[in-house]
Amino acid sequence: MSLSSCCNGADLSCHQLHYCDLGFPDVDLNGSIAPTAESTLKAGLHVKARKKYVYAKKKAFALFVKDLQSINASPQTGHDGFMTWKCCGQEFGDLRTVHKHVAAQHATDVLQEAGNILEEITTASANSLPCTDYSDNNTDASTELSWSNHKVSDWLPDMKCYRTEDLTSEPGEVLLYYCYCDISAPQWICDWQRALCNLLHLTGKIRTASEGINGTVGGSKVSTKLYINTMLSHPLFNQMNHEDFKRSDGGAHCFPDLRVGVFHEIVPMGVEPQKVSYKETAIHLTPEEFHKRVEKYLSSSQEEKDTILLDCRNFYESKIGQFQNCLAPDIRKFSYFPNYVDQNLDFFKDKTVLMYCTGGIRCERGSAYLRSKTLCKEIYQLKGGIHKYLEQFPDGYFRGKLFVFDGRFTISSNDDIISTCRYCGIAWDKYKLCSTPRCCQLVLTCLTCLKEGLTACCATCQEKGLTTQTDLCQQQFKEECECTDMRPKIPIKTV
């Protein structure tokens with residue numbers, strides 16, 4: 001095993017396991033210092049190499065676990081990519097048990113590999129090659145690796161046992177996920193994601209940045225399962241687990257193509273990540289905890305209310321689905337959210353804020369921004385967003401449809417329709433894109449009105465009709481019509 005073939009062993013921290021906690025004792029049962037293989041190895045190191053010892057031990061452990069990995073066929077489908085670990089004639093179904101086994105039975109093998117890794121690092125330093133200074137205080141393997149020096153192909157799953165039909169079969173699903181973490185080489189992650197999605201026949205949109213990754217991809221259930229397993233196998237994303245991937249019915253057809261890129265922020269809030277970091281986020285509430293908080297909020301009398309149920313999404317989303325009695329700012333983009341907060345500071349003063357969004361990502365930095373104002377009494381956010389809430393409370397306090405940013409536009413868990421057709425006023429919640437090619441607005445127009453030719457978002461666009469060239473890409477133009485002019489960029493609103 002070489003230094004370049006890093007851990008591919010799945011979620012290394014989902015059970016709060018740390019390599020330094022998995023054995024390799026320096027002290028015997030009587031409490032006296034024993035000359036173990038580990039202490040002997042450390043004693044023989046140069047002082048600079050000792051600083052890299054923790055990294056080498058963790059790295060060696062990860063490499064060992066990776067080699068035990070095997071992807072088995074599921075009895076139900078035959079091609080589901082079910083992951084297990086095999087060692088010493090045993091099969092392990094989760095990382096906790098295989099970690100304990102390796103720590104107890106293969107400490108010598110791991111230490112030997114750690115020595116090889118240290119030798120590689122020392123040799124690289126001696127030859128004046130760039131090498132990160134791994135100190136004993138740095139326990140995050142994801143920040144210790146220069147991914148730009150690694151081959152993307154080393155981190156792609158083995159597809160020998162899969163057919164093209166397995167990767168393109170229906171019904172499929174759509175995954176929604178994000179992970180905030182420090183990434184030193186976002187372009188490498190971008191290239192890896194593009195190669196991975198192409199290999200698995202996935203479409204969708206993925207944003208990478210130095211602060212993490214944000215994606216929504218669609219494909220067959222075989223492909224999405226392989227995608228999740230591959231993501232969890234990467235040390236950069238080892239704090240994630242299967243629950244961090246929100247699933248819904250769909251597939252590759254929900255997106256026109258695959259778009260992967262490097263951006264300044266993984267969700268555009270328009271504030272420097274260094275100025276307002278995701279690390280300053282609010283307290284996360286599980287769907288159960290959030291449900292109880294909302295229940296208490298809705299049952300309290302108006303005079304006693306010191307709580308704000310805050311929707312961090314844009315007006316397209318909140319218009320067709322929202323929590324009861326929420327504050328839904330009439331903003332067109334999330335990048336307007338900081339200005340909305342700044343212009344309504346008095347409204348948030350001394351309040352308890354319950355925040356929510358689609359999948360949780362906008363609340364991460366949105367709550368951090370609100371916290372930076374030091375006005376609120378308490379700030380909480382819904383972990384996993386509306387998506388996770390609806391999985392557990394389909395008939396809960398969120399009513400209407402959940403807006404999604406793909407060809408489906410919405411997904412539903414209840415039959416409530418809280419919005420109306422903009423032309424005739426009947427209950428309607430199915431969006432269509434405005435018929436004017438230069439406009440990117442969405443319009444709620446019922447089937448009857450559509451048949452009458454009412455297909456635009458406003459009178460201005462309706463008058464334009466289809467005279468503009470229809471082959472122009474709508475995304476090249478900003479929203480410039482009556483709808484945009486009449487709506488204030490930063491509304492001042494109270495519940």
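Values in this text are rule-based calculations from the coordinates and carry no lab data. No experiment lies behind these values; they were computed from the predicted model shown. Note that we place each Cβ from the backbone using ideal geometry, even for glycine, and neighbour counts take in every protein chain shown.
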Prolate/oblate/rounded label for the range 217-364 (Cα gyration tensor, a/c 1.5)
prolate
How high is the relative contact order of the range 378-432, in percent, with contacts defined as C-alpha pairs under 8 Å that are six or more residues apart?
23
Could you give the length gained by full extension between residue 324 and residue 373, i.e. 0.36 nm per residue of separation minus their alpha carbon distance, to one decimal place?
15.0 nm
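Indicate the gyration tensor shape class of the range 303-350 (rounded, prolate or oblate), computed on the Cα atoms with a ≥ b ≥ c the square roots of the eigenvalues: a/c under 1.5 is rounded; otherwise a/b larger than b/c is prolate and the rest oblate. Don't jump to the answer; show the numbers that get you there.
Numbers: a/c = 3.31, a/b = 1.19, b/c = 2.78.
Oblate.
Please compute the length gained on full extension between residue 430 and residue 416, using 0.36 nm multiplied by the number of residues separating them and subtracting their Cα-Cα distance.
Using 0.36 nm per residue and subtracting the Cα-Cα distance, I get 3.8 nm.
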Taking Cα pairs under 8 Å and at least six residues apart, what relative contact order does the range 201-249 come out at, in percent?
25
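Sorted by mean Cβ packing within 10 Å, highest first, what order do the peptides 191-197, 413-419 take? Write down the numbers at each step before the final one.
Values: 191-197: 20.6, 413-419: 15.4.
Result, highest mean Cβ count within 10 Å first: 191-197, 413-419.
Mind counting lysine pairs for me in the range 350-442? Cα separation below 21 Å, and the two need to be 8 or more apart along the chain or on different chains. Numbers along the way, then the final one.
On the way: 351/373; 351/377; 351/383; 383/401; 388/401; 401/430; 401/432.
Taking the Cα cut-off of 21 Å, the pair count is 7.
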Quick check on the range 348-413: take the gyration tensor over C-alpha atoms, sort the square-rooted eigenvalues as a ≥ b ≥ c, and tell me if it's rounded (a/c under 1.5), prolate or oblate.
prolate
Long pairs among 57/100; 86/246; 160/225; 225/292, criterion Cα-Cα beyond 25 Å
86/246; 225/292
Give a residue-ordered list of calculated ³J(HN,Hα) values for the range 447-459 (Karplus: 6.51 cos²θ - 1.76 cosθ + 1.60, θ = phi - 60°; whole Hz; x for Gly, Pro).
4, 5, 5, 4, 5, 7, x, 8, 10, 10, 7, 7, 4
Apply the Karplus curve 6.51 cos²θ - 1.76 cosθ + 1.60, θ = phi - 60°, to the phi angles in the range 404-419 and return the couplings in whole Hz, x for Gly and Pro.
10, 8, 8, x, 7, 6, 9, 10, 10, 10, 9, 8, 5, 10, 9, 10
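I need the calculated FRET efficiency for the pair residue 253 and residue 70, taking r as the beta carbon distance and R₀ as 45 Å, to the nearest 0.05.
Efficiency for this residue pair is about 0.90.
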For the range 194-254, size of Cβ-based charge dipole, Lys and Arg +1, Asp and Glu -1, in debye
180
Just to be sure I understand the model, the point goes 7 Å from the Cα along the line to the Cβ. What's the resulting residue 452 to residue 343 distance in nm?
3.4
Which FRET efficiency value, to the nearest 0.05, is calculated for residue 299 and residue 153 with the Förster distance at 51 angstrom and r the Cβ-Cβ distance?
0.35
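Give, in nm to one decimal, the length gained when the segment between residue 333 and residue 286 is fully stretched (0.36 nm per residue of separation minus the Cα-Cα distance). Could the numbers behind the result be given before it?
Numbers: separation 47, 0.36 × 47 = 16.92 nm, distance 2.61 nm.
Length gained, residue 333 through residue 286: 14.3 nm.
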